[in-house]
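The values are calculated or read from the model by the stated rules, or taken from the named source; none is laboratory data. All figures in this text were calculated on a predicted structure; none of them were measured in a lab. Neighbour counts run over all protein chains shown; Cβ positions are idealised from the backbone, glycine included.
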Amino acid sequence: MKYKIIFKDGVDKVEKELLRKIQSKHNNDIEEINDLYDQLILHGTCDSKIASRIYYVAYTLALENIELILIRVN
């Protein structure tokens, strides 16, 4: 099962510089989390089979008041 983050208002509404700031602040918190931030910056979405990684990224985005949608994909 995969978990996915999508920005509520689309990737165009979220500043990539803010995403990079969040990435630099949290990239060492959890193993391989940096790849998820890279996906967000490049594609406006990210996914992982490890729920805790997706939830952590969602948490760090929510701290900056970025609205997002979490999806569980079978």
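Tabulated data
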| quantity | calculated |
| --- | --- |
| Positions within segment 61-74 being aliphatic (A, V, I, L, M) and either closer than 16 Å to Lys8 by Cβ or surrounded by 16 or more Cβ atoms within 10 Å (Cβ to Cβ) (or both), in sequence order | Leu61, Ala62, Leu63, Ile66, Leu68, Ile69, Leu70, Ile71 |
| Any strands (runs of 3 or more DSSP E) falling wholly within the chain and containing at least 2 residues that are basic (Lys, Arg) | 2-7 |
| Complete set of residues in segment 1-23 that are without any contact (Cβ under 8 Å) to a residue 24 or more places away in the chain, more than 16 Å from Leu68 (Cβ to Cβ) and in contact with a helix residue (DSSP H, G or I) (Cβ under 9 Å, 6 or more places away or on another chain) | Arg20 |
| Per-region count, segment 16-60, residues of a type in the set (D, E, K, R) and surrounded by fewer than 11 Cβ atoms within 10 Å (Cβ to Cβ) | 4 |
| Options Lys49, Lys8; residue that is of a type outside the set (Asp, Glu) and modelled with pLDDT of 95 or more | Lys49 |
| Qualifying residue in segment 24-39 (condition: small (Gly, Ala, Ser) and touching a residue at least 12 places away in the same chain (Cβ under 8 Å)) | no |
